[in-house]
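S.K.: Take a look at the following structure, please.
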Amino acid sequence: MLEQEFDSIVARGVGLAHELWPSYSCSTDLGRERSSRKLVDAYTAAYYFMISEQFGTDSPPSMTDLLTNTPVNQIHALIKQTPKVANPKHSETYTLLHLGSIYINLLNSIGQTESASMLADLISEDCDLDKVLLELEFDSAWKDSNVILGISTIHAIRKEYGKTYQLIEYIESRRDSSTGLWLSRKKPNYINSIAALFHFVPIYKYLDIPINKLDYALELIDKLYQGSGVFCGANGYACIDYDVFSILRYAMIAEPQYFEEHRYRIFHICSEYISSRIGSTDVFTEYGDSRGKLSDLMRIVRNGLYHGSMLTLVWNLKAYTRVNIFRNMSIFANSAKSTKSFPVEVNLFSIWFRLMTYALCVEITDYISLGKRVDIYRRMELPGLGYL
């Protein structure tokens, strides 16, 4: 049943993406300015490409042809200009490595391995990778783990396995010794720690190295659960929802004992995530819309008492405020000004994340029902977004 619902959701999401794309681009040329209010930026194009590539829903002009025919130096130039239109909270290095990882994976996935390697070289010239790693302070585990994931993509396309193993050693050195979590040095909330784990899982999985002390993180995910298949905010957030279900999908293979003990609860959570959104207005929105102002607020507060983290409670209350009080104030979607939208508005960033989350839910429920893995979308081959 969920697979039928998923097919319907994919068709809707892809249709929305195709409708939105012309509003971001009046040309098939990457990086060309257009007359309307936005600029075709690397983030916007990346998520549209990933929707097309991973869900097999290309439309003319072919996204594969567009990426194939765009010179690598032009893609690099587009990535380089993104920090100028990005959220100032994110450094140029963060933006280059985060975006670079996506495009290296995209090029590699369509058979343009040489172009992917050339792009990795160009980004490495922009960023001294060893120095970048040395200077990370983990003020935000969410952001710094994303930087590390970008570095791992570059090492992977170059087949620098030794450096990737060294990266694992560095990652392990940043773990909290008592919980096994990666904590932000400033304002260490659990949402950031879950995001960090999500960013690190592909690197361990790529090298086939188990993540030790994963039990605390899985227990934490259970504590963060608020019902309706969501783990944060007033009614979920596209990025974090994807992070959590990615970790659960990883756990179904890497932590079979945990998964066996919680199989019925996990099945229910996945089913509820999809069924609660069928026919709703927030199937693809960045933030899940409020189901009821007072009931949402009470649920967030009760959940805060359960997980016991004041900073996590504050994070969720901020998300609640955005949805219920500042819903007509635009926010940066994945850092770029060109993808600004209202919290409960659809954008290409949120469509990709929602589609991936729905796909993971179906894969998990199929595994529980059938006892075997069923892949229903195309995965990236290098550590990065879309790898799990």
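S.K.: Pairs to check: Lys89/Lys131; Lys187/Lys223; Lys80/Lys186; Lys163/Lys372; Lys89/Lys186; Lys159/Lys372. Give those whose C-alpha atoms are more than 23 Å from each other in this structure.
M.R.: On the way: Lys89/Lys131 20 Å; Lys187/Lys223 19 Å; Lys80/Lys186 28 Å; Lys163/Lys372 33 Å; Lys89/Lys186 14 Å; Lys159/Lys372 30 Å.
Those over the limit are Lys80/Lys186; Lys163/Lys372; Lys159/Lys372.
S.K.: Shape call for the chain from the C-alpha gyration tensor, a ≥ b ≥ c root eigenvalues: rounded (a/c under 1.5), prolate (a/b greater than b/c) or oblate? Show your work: numbers first, answer last.
M.R.: Values: a/c = 1.36, a/b = 1.16, b/c = 1.17.
Verdict is rounded for the chain.
S.K.: While we're here: Which of Asn316, Phe138, Leu167 sits farthest toward the positive end of the charge dipole of the stretch 2-370, with +1 on the Cβ of Lys and Arg and -1 on the Cβ of Asp and Glu?
M.R.: Of Asn316, Phe138, Leu167, it is Asn316.
S.K.: Once Lys and Arg get +1 and Asp and Glu get -1 on their Cβ, which of Tyr367, Ala234, Thr82 lies farthest toward the positive end of the dipole of the stretch 2-370?
M.R.: Ala234
S.K.: Using amide H atoms built 1.01 Å from N in the peptide plane, name the residues 5+ places from Ser341, or on other chains, whose amide H lies under 5 Å from its own.
M.R.: Ile331, Ala333
S.K.: Turning to a different aspect of this structure: Along the charge dipole of the chain, Cβ charges K/R +1 and D/E -1, which of Tyr387, Leu348, Ala254 sits furthest on the positive end?
M.R.: Leu348
S.K.: Can you tell me the FRET efficiency between Tyr306 and Arg263 if r is taken as the Cβ-Cβ distance and R0 is 22 Å, rounded to the nearest 0.05? Intermediate results must be reported in sequence, preceding the final value.
M.R.: Details: r = 22 Å, r/R0 = 1.00.
Efficiency for this residue pair is about 0.50.
S.K.: Taking the Cβ of Gly162 as the centre, find all other residues whose Cβ is under 14 Å away and add up their charges (Lys, Arg: +1; Asp, Glu: -1). Provide the component values of the computation, followed by the final result.
M.R.: Numbers: positive: Arg158, Lys159, Lys163; negative: Asp130, Glu160, Glu169.
Overall, the nearby charge balance is 0.
S.K.: Within the set of other residues whose C-beta is less than 12 Å from the C-beta of Tyr225, count the net charge using Lys and Arg as +1 and Asp and Glu as -1. Before the final figure, lay out the partial values.
M.R.: On the way: positive: Lys223, Arg265, Arg299, Arg302; negative: Glu219, Asp222, Asp241, Glu272.
Neighbour charge sum, excluding Tyr225 itself: 0.
S.K.: Determine the dipole magnitude for the chain: charges of +1 sit on the beta-carbon of Lys and Arg, -1 on that of Asp and Glu, nothing else is charged, the reference point is the Cα centre, and the result goes in debye to the nearest 20.
M.R.: Numbers: 39 positive and 44 negative charges, 241 e Å.
Using Cβ point charges on Lys, Arg, Asp and Glu, the chain gives about 1160 debye.
S.K.: Enumerate the amide H contacts of Tyr237 below 5 Å, restricted to partners 5 or more residues apart or on another chain; note that Pro and chain-start residues carry no placed amide H.
M.R.: Phe231, Cys232, Gly288
The numbers here are math on the coordinates, done by the rules we state, and not lab data. Since the model is a prediction, treat every value here as computed from it, not as a measurement. Cβ atoms come from the backbone with ideal geometry, glycine included; neighbour counts cover every protein chain shown.
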